Amino acid sequence: MAEFLARGAFRMETPVKIKGFAAVAGEKEGQGPLGQCFDRVVANSHFGMDTWEQAESRFQLEAVRLALDKAGLTRDDIGVICAGDLINQCIGSAYSMRELAVPFLGLYGACSTMAEGLLIASVMANCGIAEHTAAVTSSHFSTAERQFRFPLSYGGQRTPTAQWTCTASGAVILSREGGTVGVAGGCIGRIADLSVSDINNMGSAMAPAAADTIQRYLAATGTSPADYDFIVTGDLGLVGSPLLVDILLKQGIDISAQHRDCGAMIFDPDTQDTHCGGSGCGCGASVLCGHFLPMLEKGEVRNILFAATGALMSPMSLQQGETIPAISHLVHLRKD
């Protein structure tokens, strides 16, 4: 069972195991520093479909299929799957899950959705609702640009603080038994809003939320950054990452040695013209499944905090002059 530690924070008495995981990425992501980590790199962003939205659903389907194959399971073995994306009403996930015909919980936490999905899926497996559960998220550069910014044909100038939405997906299969890597605990995030209203500066909006969640989990568990090999954030990028370190340092918490950011890692800023790095639900999910989980599985590291971050804005809210509320959910991953 899960053990209550503090408000929003818990520890698993017996970690829920990760039986399989997979990452699927687009061509640009495949050309980046982590290109060799992904299970599949898809050269055509349409992925053989008529629209980008349909393509994003196919990215999710492929990630789930590969994760199931690696776990030695079929879709009929999955009791519930938690999935989310950035498209209005999470249609990318809804249409992919329509194909799978698996009990489905649609989630929206913006770019924090992978951590949110892992928390929910692991708790459901832990309490016996299903023997096997799954979490999957995706994002697509073209679907995000069309929804949140400008049509691609507009050719608008990207600001220096802008991030590049990743075309990618990551999927994780969880189980009460099997596997050597597990979810050992977690922390549910709280909304943080420092009145940032620039949609092209999401790293600054999300950093305070990540700092709050990380600080709360460390305090609840009585641990320090030195107890973890990595403290991984989802996609603060090149602006938000140093801001997170600075915020926590002012609280007497130094994560500079352990901190890694998926958005800062997935692209080469010098050669790929992505400005402040990657973002999107598929960013943290694909880097987690392609880079960090294999390190845990091989025993190269033993303890990771994965704190995905999300900017919870919509085009409508920004048009109404609202600021950007942000959230960060944390998952503690441990190698037994």
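Just flag the trypsin sites (Lys or Arg not before Pro) in segment 194-301 sitting in loop per DSSP whose Cβ has no more than 12 other Cβ atoms within 10 Å.
Passing both the DSSP loop test and the Cβ count: LYS250.
Go through segment 188-194 residue by residue and turn each phi into a ³J(HN,Hα) via Karplus (6.51, -1.76, 1.60, θ = phi - 60°); whole Hz please, and just put x for glycine and proline.
Running phi through 6.51 cos²θ - 1.76 cosθ + 1.60 with θ = phi - 60° gives 7, x, 10, 5, 10, 9, 9 Hz.
Enter the accessible area per residue of the chain (Å², integer; probe 1.4 Å; all protein chains in place). Display every interim value, and only then the final one.
Numbers: 12920 Å² over 336 residues.
Normalised by residue count, the accessible surface of the chain is 38 Å².
Compare SER169, SER241, SER139 in a GNM of the chain, Cα atoms joined below 10 Å, and give the one with the largest fluctuation.
Of the options given, SER241 has the highest mean-square fluctuation.
In nm, to one decimal, how far is the GLU297 label point from the ASP270 one, both placed 7 Å along Cα→Cβ?
3.1
Considering the dipole of the chain built from charges on the beta carbon (Lys and Arg +1, Asp and Glu -1) around the Cα centre, which of ALA264, PHE292, PRO15 is farthest to its positive end?
PRO15
State whether segment 45-133 is rounded, prolate or oblate according to the following rule on the C-alpha gyration tensor (a ≥ b ≥ c being the square roots of its eigenvalues): a/c under 1.5 gives rounded; otherwise a/b larger than b/c gives prolate, and the remaining case gives oblate.
Here segment 45-133 falls in the oblate category.
Which Cys residues of the chain have no other Cys Cβ less than 4.7 Å away and so no disulfide-compatible partner by this rule?
So far as the 4.7 Å Cβ criterion goes, CYS37, CYS82, CYS90, CYS111, CYS127, CYS187, CYS262, CYS276, CYS281, CYS289 stand without a partner in the chain.
Taking amide H positions as placed in the peptide plane 1.01 Å from N, state which residues far from SER139 in sequence (5 or more) or on other chains have amide H under 5 Å from it.
ALA168, GLY282
Once you have the Kirkwood Rh of segment 229-336 from its Cα pairs, apply Stokes-Einstein at 37 °C and 0.692 mPa s and quote D in µm²/s.
220
How large, in percent, is the carbon and sulfur part of the accessible surface of the chain at a probe radius of 1.4 Å?
Working: 6550 of 12920 Å².
For the chain, the apolar C and S fraction of the accessible surface comes to 51 percent.
Taking every eigenvalue of the Cα gyration tensor of the chain, multiplying by 5 and rooting it, what semi-axes result, largest first, whole Å?
27, 25, 18
I want to verify a result. In a Gaussian network model of the chain, Cα cutoff 10 Å, which of these has the top mean-square fluctuation: ALA135, ALA71, ALA219?
Evaluated over the chain, the most mobile residue of the options is ALA219.
Per residue of the chain, what 222 nm ellipticity follows from adding -39500 (n - 2.57) for every DSSP H run with n ≥ 4, rounded to the nearest 500?
Details: 11 runs with 111 residues, N = 336.
Using -39500 (n - 2.57) per qualifying helix, the result is -9500 deg cm²/dmol.
The values are calculated or read from the model by the stated rules, or taken from the named source; none is laboratory data. Every value quoted in this text rests on a predicted model; they were computed, and no experiment measured them. Glycine also receives a Cβ, built like all others from the backbone with ideal geometry; neighbour counts cover every protein chain displayed. When the accessible area is computed, the model is the full protein with side chains, heavy atoms only, and any ligands, DNA or RNA have been set aside. Shrake-Rupley method; radii C 1.70, N 1.55, O 1.52, S 1.80 Å.
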